[in-house]
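Student: Once you've had a glance at the structure underneath, I'll fire off some questions.
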Amino acid sequence: MRGSSPLRTVMSIAALAVVCVGCSSDSTIPRSEYTQRVNELCSATTSEIDEALIPVIETYISGLSGGTPTDEEVMGLYSTVLPVARELDEVFGAMLGDIRALPPPDGDADAFQTHWDRVEELWSQNLADIATASIDADAAQSLLAEPDPRLAPTNSEAVELGIDECIFD
């Protein structure tokens, strides 16, 4: 190739390999490999989410006067978190896309598909809840009251499926 560098050649080969792997949609991988790869993706995404959100939350909370936060302060927290959560929506979506691109084990394909559908729905609901909590005091106070009971069944299911790194709270 004219003007080609070794790096560009390697990148082209890697891209071709990824495309070829994606072409064989009938292939499956063993359950242990699937769960290992899914756990790696979830762990990396959870770390990225924590790295983005925790400092924002800690900085906001450190600026509060202390005591029980007012409705305005709680709404302010969610207003501060909302732009970061929207940016993380792309990160979370990319993780789900990568997971769904993996060929699930034959015997569990439906269970995993159903699980990821639930996880995606919960993520979307949570993002909408944060947006509402940023402008509605009752919603903000309700969202602040942890834990979210909607997560428990999906998190239990993740443990049962062997994807312990995919527990979201």
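Student: Taking θ = phi - 60°, what integer Hz values does the Karplus form 6.51 cos²θ - 1.76 cosθ + 1.60 yield along the range 65-80, in sequence order, with x for Gly and Pro?
Tutor: Values, residue by residue: 6, x, x, 6, x, 6, 4, 5, 5, 5, 4, x, 4, 5, 5, 6 Hz.
Student: Per-residue HN-Hα couplings for the range 93-105, Karplus 6.51 cos²θ - 1.76 cosθ + 1.60 at θ = phi - 60°, whole Hz, x for Gly and Pro?
Tutor: Result, ordered by residue: x, 5, 4, 4, x, 5, 5, 5, 6, 6, x, x, x Hz.
Student: For the range 30-166, restrict the atom set to alpha-carbon positions and state the Rg and Dmax in Å.
Tutor: Rg and Dmax of the range 30-166, Cα atoms, are 16.8, 55 Å.
Student: Mind listing which trypsin sites (Lys or Arg not before Pro) in the range 93-169 are in a DSSP loop and have 15 or fewer other Cβ atoms within 10 Å? Working shown, then result.
Tutor: Details: sites: 100, 118, 150; in loops: 150.
Loop-located and lightly packed - 150.
Student: Post the alpha-carbon centroid distance, the range 73-92 to the range 25-59, in whole angstrom.
Tutor: Using only Cα atoms to place each centre, the spacing works out to 19 Å.
Student: Also: Taking the simple approach of a point 7 Å from Cα along Cα-to-Cβ for both residue 169 and residue 32, what is their distance in nm?
Tutor: The modelled label-to-label distance comes out at 3.0 nm.
Student: Here's a follow-up. State, to one decimal in nm, how far the label point of residue 142 lies from the label point of residue 54, with both points 7 Å from Cα in the Cβ direction.
Tutor: Calculated label separation equals 3.0 nm.
Student: Could you tell me the extents of the range 77-144's C-alpha atoms along the three principal axes, largest first, rounded to whole Å?
Tutor: The Cα atoms of the range 77-144 stretch 47, 21, 12 Å along the principal axes, largest first.
Student: Assign unit charges at the C-beta atoms only (+1 for Lys and Arg, -1 for Asp and Glu), then state the dipole size of the range 110-157 relative to its Cα centre in Debye, rounded to the nearest 20.
Tutor: Approximately 60 debye in magnitude.
Rule-based calculations on the coordinates, nothing more; no lab input. The structure presented is a predicted model; accordingly, all values stated were derived computationally and were not measured. Note: ideal-geometry Cβ built from the backbone for every residue, glycine included; neighbour counts use all protein chains shown.
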